[in-house]
Amino acid sequence: MELTNKVALITGGASGLGLATAETLIESGAKVMILDLNEDNAKAAAESFGENACYVVANVTEEESVQKAIEETLNKFDGLHIVVNCAGIGSASKTVGKNGAHPLDYFKTVVDINLNGTFNVLRLAAVEMGNNEPSKDGECGVIINTASVAAFDGQVGQAAYSASKGGVVGMTLPIARDLARMGIRINTIAPGIFDTPLMGMAPDSIRNPLIEMTQFPKRLGLPSEYASLVKHIVENAFLNGETIRLDGAIRMQPK
């Protein structure tokens, strides 16, 4: 898909990987709606990008909230061609820890945001993408989800996070098959450890072992590298139904 004048909705777009993606897509000629729960960050990001960006506050787990965000996107930019799902949460909790069993409510919350929220956004966006004028290849839309290497080699305490991200990986191909008749592609990126603001706050005792597990290059990933892959996926019309690890060949150790 040619990016010029296309409209992208990016969840979690006010920080980290989502913010880097917004910057890259705007530089490539697209218009971007930043969806985030943090209004201050979302507003600041949109204002920094100028007239080709706007923001909306929404909760990815709530149908009405997301539907309103999509309607605002259509009203503002008169279209929706690309969705990039970056919104997500995660922290460690062992299946059985010092205080007993893993809190079930926490497990449900992680799955609700990371998996159900991702599906909620893409399913509602796909309805609108299906109304687009097809390109010469018959393409009407592109969806890109964010999983994690934890979907494949989750560490101690990552049961909830790995389950949620594994679900994102697992639904990629069936959704690609579902949406093929509508001319909509879907792919998933499974990032390794990236140098996001959250990771930037981590002490060396956390960062250094993760860097050591990364084969090459021997560093954390850059948000701009994630954004570059998003751009490639959008522009490569034959890339569909795939999960791509973007991780410097890291294979996570148990802890």
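Before moving on, here are some points about what is shown:
- Of the residues Ala180, Ala190, the single one that is within 30 Å of Ser135 (Cα to Cα) and in contact with a helix residue (DSSP H, G or I) (Cβ under 7 Å, 6 or more places away or on another chain) is Ala190.
- If you go through the stretch 153-164 and pick out every residue that is closer than 25 Å to Arg123 by Cβ and in contact (Cβ under 8 Å) with a residue 60 or more places away in the chain, you end up with 3.
- Looking across Gly130, Gly117, one residue alone is surrounded by 22 or more Cβ atoms within 10 Å (Cβ to Cβ) and in contact (Cβ under 8 Å) with a residue 40 or more places away in the chain. It is Gly117.
- All helices (runs of 4 or more DSSP H) inside the stretch 164-255 with 3 or more residues being within 20 Å of the chain's Cα centre (by Cα): 197-200, 223-235
- Within the stretch 58-80, if we keep just the residues that are farther than 18 Å from Asn131 by Cβ, in contact (Cβ under 8 Å) with a residue 12 or more places away in the chain and polar (S, T, N, Q), the residue that is surrounded by the most Cβ atoms within 10 Å (Cβ to Cβ) turns out to be Thr61.
- Subset of the stretch 34-57 that is in contact with a strand residue (DSSP E or B) (Cβ under 6 Å, 6 or more places away or on another chain) and closer than 13 Å to Cys86 by Cα - its residue that is surrounded by the most Cβ atoms within 10 Å (Cβ to Cβ): Leu35
- Qualifying residue in the stretch 212-222 (condition: in contact with a strand residue (DSSP E or B) (Cβ under 7 Å, 6 or more places away or on another chain), at positive phi, without any contact (Cβ under 8 Å) to a residue 60 or more places away in the chain and crowded, with 17+ Cβ neighbours inside 10 Å): no
- Residues located in the stretch 179-211, provided they are at pLDDT 95 or above and loosely packed, with under 15 Cβ neighbours inside 10 Å: Ala180, Arg181
- Residue count, the stretch 1-52 (criterion: within 20 Å of Glu128 (Cβ to Cβ), free of Cβ contacts under 8 Å to residues at least 40 places away in the same chain, touching a Ser or Thr at 6+ places or on another chain (Cβ under 9 Å) and not in a strand (DSSP E or B)): 1
The values are calculated or read from the model by the stated rules, or taken from the named source; none is laboratory data. As the structure is a prediction and not an experimental result, all values here were calculated from the model. Using ideal geometry, Cβ is built from the backbone for each residue, glycine included, and neighbour counts are taken over all protein chains shown.
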